[in-house]
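Any read-out appearing in this document is the output of simple, stated calculations on the displayed coordinates, not a laboratory observation. Just so we're clear, the structure is a prediction, and the values are computed from it rather than from any experiment. In this analysis, Cβ positions are derived from the backbone assuming ideal geometry, glycine residues included, and neighbour counts consider all displayed protein chains.
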Amino acid sequence: MTRLLVADDSETVLLMLQRRLEMEGYEVVTATDGVEALDRLRELGSKEPDVILLDAMMPHKSGTEVLEEIRGKGSKIPVVMISAHLDAQEPERMRKLGANDVVPKPFEWEDLIEVIEELANGDTSGD
Amino acid sequence: MSFNPSLTARLRIGFLVLFALLLIVSLLGVGRLFQIRVDYENDITRYFQLELQSERLRSAFILEQAAARPATAHQTPSQAELDQAAASFSAAATDARKETADDPVLTTKLNQLVAAESAWRKVVAEPLIHEHVPPPPVDRRLTSAVTNSGEELANDTRAARDSARDNARADTRNTTILVAAGLGGALLAALLLFSGLINSMRAPLGRLVEGARRLAGGDLRTRVEVGGPVEIATLGRAFNEMANSLERDARERDRVERMKDDFVLTVSHELRTPVTVVKGFAEMLTAQRKSLNTRQFEAAEVIAESAGQLQKMINDLLDLARSDAGKLRIEPESTPVRPLAQRIGRQMRPNFESKDQRFTVSVEKDLPDIQADAGRIGQVLANLLTNANKYAPEGSEVQLAATQVGDEVEFAVSDTGPGLDQDQLDHVFDRFWRADSSESQSVGGTGLGLAIAKSLVELHGGAISANSSPGEGATFRFVLPIAKDGRPKQKTPADRTKAGAAG
């Protein structure tokens, strides 16, 4: 079963994502901020997630910082950044930091599933 | 300039000076003329008196002669008559002397006459009374001396009277010329004074006019140099105060506008999260149709649809707020037209099919790539097609066409719907404007789609326009620049950036 780590600071959004992704058949681990996301990743150990979904803006540690830390450790886990996309340059910047894809907020559900499926099935090029 | 009298003061001073000059000139002129007239009358009277006296002198002398030398032989010379005539002569001479007092020539003539008469009386008359006949040559010489002197006096008096009249005439003429010159001078002075007054206002008034024009042209920092007469200077100061107040108001308006933009931006942003959640859960419920009864499913569907509309509306508001705040950013890149048009066509097709409308997409062959943000231009196309879909009735035709026009690519969305009249065309890109309010209820939508389309196209450096006549359908056209490299460049992520346009 495809395992996802999902981090979003809004608990309702997080719950919605979790329930819908579970309905789609994914195993979902959740975190409400960047620090918690890194904790969950450590806890999972060898059962590392197939795809990580990170909200770009989170308290304590932002999604961007988590992304930098994960890539800094040499991890190759596919990361999808979910961003409010206020700045047109942001997606490009995140890609440079190692994000495999950037999904603007709000997103169409089908688009998100499509991105997750592509990455989970080994297409990590981002293109 | 320390001495700067007001306009009123300048006018008062001007009029006062002018009035004083006119008064002085008039008074002097009239006074002089009056004096000339009085003098002339005095002279004439005096010379007339003198003539009268010289006539009396002549008569007295004739009587003296008659007394001393009677005309007939039976009359004897009379001492008494001679004395009486001599007294009369003397009285007339005394009266005449009064009139000649200030005229040396006439005085001399009078003295000569008196001297000649007394010489005649002593040498001719007295001896005749006492019957001593003087020698005839002496008698003739002395008698004619008196007669000649009398005539000279009379002639000189007439000559003096004539010359007095000539003098008065010349004086009157000269005085009249002088008064006319004085009046002319006063008018000239007044003219100079008033032209100076007008000149002192011209420069500051010109500056005010120029300032008012600049201000009307929108340059709110315009201030004028304060100067000229007090009133004009006051006007200048009032103008500057007005400009200050206008600038202050404009700044305040900008501030409020910014606050409004920030407010809408923040509110829309904050609304997005709960709406996303509602929509997400509602969609999840509709996906679990089997575990819901019909009414529950219906409710879930309505919630999902309404949340979708709400999300679209919030996104539109957010886009406009960003556009107003100058924060709407696009990422233009070389974008092939055909895949973009086809993707939007695919996305919109179900809407047209459900209204039984014939929908065609035609893209010109070998069309160069456009310089555009594919997601945003997709949003523009979706907005235009959504409008066509909503306003065109069932069974009509809708076409999306892309063609090259010069250095640009033109997109045209046309329908065979009811069309728009000129008044509607004027407002079609306004916010919250919707064609015909009675229909808009059934049509739905926020009235923001075309306003956003316009902002986005203009942000790309393009232009959008609407063409229509009632009953003949409507065509919305916009042009975008061709990409600099012009070659197709595939980039999938951009294609996915739909920004929720299909909500």
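Structure values in brief
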{"quantity": "Relative exposure of B:His74, B:His269, B:His132, judged by other C-beta atoms within 10 Å (fewest first)", "calculated": "B:His74, B:His132, B:His269"}
{"quantity": "Distance between modelled label sites at B:Ala287 and B:Glu353, nm, 7 Å Cα→Cβ extension", "calculated": "2.2 nm"}
{"quantity": "Pairwise label distance in nanometres, B:Phe19 with B:Arg158, each label 7 Å out on the Cα-Cβ vector", "calculated": "5.5 nm"}
{"quantity": "Within chain B, percent of DSSP bridges classed antiparallel, to nearest 5", "calculated": "80 percent"}
{"quantity": "Amide hydrogen neighbours beyond the local backbone of B:Ile482, cut-off 5 Å, H modeled", "calculated": "B:Gln371, B:Val409"}
{"quantity": "Per-residue Cβ neighbour rank within 10 angstrom, fewest leading, A:Trp109, B:Trp120", "calculated": "A:Trp109, B:Trp120"}
{"quantity": "Degrees, to the nearest 10: B:337-354 long Cα axis against longest axis of chain B", "calculated": "80 degrees"}
{"quantity": "Charged-residue dipole, Cβ positions (Lys, Arg, Asp, Glu), the range B:279-386 about Cα centre, Debye nearest 20", "calculated": "300 debye"}
{"quantity": "Distance violations [Cα-Cα > 28 Å] among B:Lys260/B:Lys454; B:Lys312/B:Lys454; B:Lys365/B:Lys484; A:Lys73/B:Lys312", "calculated": "A:Lys73/B:Lys312"}
{"quantity": "Where only alpha carbons of the protein assembly as shown are counted, the Rg and the Dmax (Å)", "calculated": "61.5, 197"}
{"quantity": "Given charges at beta-carbon only (K, R positive; D, E negative), |dipole| of chain B in Debye", "calculated": "1660 debye"}
{"quantity": "Nearby lysines by direct alpha-carbon distance to A:Lys76 (threshold 22 angstrom, same-chain neighbours under 8 apart not counted)", "calculated": "A:Lys47, A:Lys61, A:Lys96"}
{"quantity": "Chain A: DSSP helices with Cα axial extent of at least 20 Å and average Kyte-Doolittle hydropathy no lower than -0.5", "calculated": "none"}
{"quantity": "Value of relative contact order over chain A, rounded to a whole percent, pairs C-alpha under 8 Å and six or more apart", "calculated": "21 percent"}
{"quantity": "Computed Kirkwood radius, in angstrom, where 1/r is averaged over Cα pairs of chain B", "calculated": "35.2 Å"}
{"quantity": "The protein assembly as shown, dipole about Cα centre (Lys/Arg Cβ +1, Asp/Glu Cβ -1), debye to the nearest 20", "calculated": "1900 debye"}
{"quantity": "Gained length - B:Glu247 relative to B:Leu220, 0.36 nm times residue gap less alpha-carbon distance", "calculated": "9.2 nm"}
{"quantity": "For chain A: rounded, prolate or oblate by the Cα gyration tensor [a/c cutoff 1.5]", "calculated": "rounded"}
{"quantity": "Value of relative contact order over chain B, rounded to a whole percent, pairs C-alpha under 8 Å and six or more apart", "calculated": "12 percent"}
{"quantity": "Crossing angle, helix B:7-68 versus chain B [Cα axis fit, 0-90 degrees, rounded to tens]", "calculated": "10 degrees"}
{"quantity": "Cβ-Cβ FRET estimate between B:His427 and B:Thr266, R0 fixed at 22 Å, reported to 0.05", "calculated": "0.15"}
{"quantity": "Degrees, to the nearest 10: B:230-287 long Cα axis against longest axis of chain B", "calculated": "10 degrees"}
{"quantity": "Within straight-line cross-link reach of B:Lys98, lysines at Cα separation under 25 Å, skipping those fewer than 8 residues along the same chain", "calculated": "B:Lys109"}
{"quantity": "Translational diffusion coefficient (Stokes-Einstein; Kirkwood radius from C-alpha pairs) of the range B:14-120 at 10 °C, 1.306 mPa s, in µm²/s", "calculated": "92 µm²/s"}
